[in-house]
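Structure first, commentary second.
The values are calculated or read from the model by the stated rules, or taken from the named source; none is laboratory data. All values derive from a computational prediction rather than experimental measurement. We place every Cβ from the backbone using ideal geometry, glycine too, and count neighbours over all the protein chains shown. SASA here: full protein model, heavy atoms, side chains in, ligands and nucleic acids out. Shrake-Rupley method; radii C 1.70, N 1.55, O 1.52, S 1.80 Å.
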Amino acid sequence: MDPLLSLGAGLLLLALWVRHKGLEYLLVHHRWVFVCLFLLPLSVLFDIYYQLRAWAVWRLHSAPRQHGQRVRHIQAQVQEWKNEGGKTYMCTGRPGWLTVSLRVGKYKKTHKNIVINLMDILEVDIERQVVRVEPLVTMGQLTAHLNPMGWTLPVVPELDDLTVGGLIMGTGIESSSHIYGLFQHTCLAYELVLADGSLVRCTPAENSDLFYAVPWSCGTLGFLVAAEIKIIPAKKYVKLHYKPVRGLEKICEKFTEESKKKDNNFVEGLVYSLEEAVIMTGVLTDEAEDSQINRIGNYYKPWFFKHGEKYLKANQTGIEYIPSRHYYHRHTRSIFWELQDIIPFGNNPVFRYLFGWMVPPKISLLKLTQGEAIRKLYEQHHVVQDMLVPMKILEKSIRTFHSDLNVYPLWLCPFILPNNPGMVHPKGDEMELYVDIGAYGEPKTKQFEARASMRQMEKFVRNVHGFQMLYADCYMNREEFWDMFDGSLYHKLREQMNCKDAFPEVYDKICKAARH
């Protein structure tokens, strides 16, 4: 039979089946059909467009020239809001579906949308070792630009589409954070348009209160229009050591021990069950043994978390040399391990070789097309949470995650938390070693109920002086929220800078209890 005729017949049968079952049935029970046929090709087109745009901007050196004009346009929009009487809060005009957060921002429909079209790298200053960027620059865009120049960021959160603005106004972390801290701790300056339309620059020495209050504020103190971030020399490879560990006590001991070693450039743990984990430590290097090079980022390669699990199943250690940019974005193709729930056969070698070059689908497109039925299904039967807790209670924390959620793998990422002013800092006067425990997937515990179970988790995290990442669903009431976070500096600046009538409080913007 002619191939085109076969394809046409297949599409006709698919259309008839969809018509019989209904589109909602397809999206809920066989979402992979829609994702593979429509979202993957569309995601490729999105990537091509943004890559060509970034290349053209770089070749024409247009970003620095246009930046000032774009900022003045933002200031003009704020002035227009003031002239109209400031009747509603302001927010960025970026559609909610474009954000990586799974939360649906309903406030976009009721607030004054300020268009902020700032997505370019403005300057790489080798002498100062600083890159100045606009807020919508992504991690994939930055590493593609910096790595060929021999530079990189100290902290490169894994997913390609994470933006600088999101990582500052929310937070970001990477397996190098045990040395450098969170993404915000690598930032040297912020430029913001405030509620009165003025443009200010803040650093640890200039407008320092604002500098320390901006991280975690979720755009409720002003509009970020540029940031200066520290850069460091890059190397070609990460020499990665895989070590399977069994027994929870040994897992926690080994992970803590490796996290305290400053000669480890990277430390990461993947916990596959309550008693089984693979702990990975990496060192940057320009030298590599050809036979041990693993270009894990190539489209036909196994998903990284599955690749790591092989060492656990074989009960053997291993060493590989991974190209640096492949390492930085090692969890992108599988969206950590979320993609296995969307495309169950996505790690199959046949699928990888034929269609892996289109993976992953854009998270933004998944959000845009999920529909109310899928959103409710995910809300009740799926968790995407990152909890930041002191390293000293890691074992107790994993046991709590197991009893309340029972989601595996768990992601472990250590980070140093300095005692800086702002919403997030250790309880004592000294910097402290913390760990991010990430749970992404379907809870297997029998008693799981989204609101009750997550409130129980949040209470545990508050009691150990930990923090919940704000991109995820938050069920705390206002008192509980400000018990978890230090709002003293934040509220002082909200009062001083007349933010109360211009922007919602961060709690009202992100917490479910405030939005229902």
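Things to note:
- Over the chain, DSSP H runs of length four or greater, each weighted -39,500 (n - 2.57), average out per residue to a 222 nm ellipticity of -11000 deg cm²/dmol.
- Gyration tensor (alpha-carbon) shape descriptor, the stretch 203-274, a/c threshold 1.5: prolate
- Overall form of the stretch 159-307 per C-alpha gyration tensor (a/c, 1.5; a/b vs b/c): prolate
- Loop sites by DSSP among the chymotrypsin sites (Phe, Trp or Tyr not before Pro) of the chain, restricted to those with at most 15 other Cβ atoms within 10 angstrom, leave 1-298 as the longest stretch without any of them.
- For the stretch 326-341, 3J(HN,Hα) computed residue by residue from phi via the Karplus equation (6.51, -1.76, 1.60; θ = phi - 60°) reads 4, 5, 4, 10, 5, 9, 5, 4, 9, 6, 6, 10, 5, 5, 5, 7 Hz, glycine and proline entered as x.
- Solvent exposure of the chain amounts to 45 Å² per residue of accessible area, where only protein heavy atoms count and the probe is 1.4 Å.
- Pairs from Lys444/Lys500; Lys235/Lys310; Lys459/Lys509; Lys108/Lys392; Lys236/Lys396 whose Cα-Cα separation, in the structure shown, is over 31 Å: Lys444/Lys500; Lys108/Lys392; Lys236/Lys396
- Taking a ≥ b ≥ c as the square roots of the eigenvalues of the Cα gyration tensor, the stretch 395-516 is oblate, since a/c reaches 1.5 or more and a/b is not larger than b/c.
- Computing Rg and the Kirkwood Rh from the Cα coordinates of the stretch 124-178 gives a ratio, Rg/Rh, of 0.94.
- Using the alpha carbons alone, the radius of gyration of the chain stands to its Kirkwood radius in an Rg to Rh ratio of 0.95.
- GluC sites (Glu not before Pro) within the stretch 377-472: DSSP coil, no more than 16 neighbouring Cβ in 10 Å: Glu430, Glu449
- Amide H contacts under 5 Å for Trp151, placed H, 5+ residues apart: Ala234
- Of all complete DSSP H helices in the chain, those with a Cα span along the helix axis of 18 Å or greater and a mean Kyte-Doolittle hydropathy of -0.5 or more are 3-21, 40-60.
- Amide H contacts of Glu276: Gly247, each under 5 Å away and 5 or more positions distant or on a separate chain (H built 1.01 Å from N in the peptide plane; Pro and chain starts excluded).
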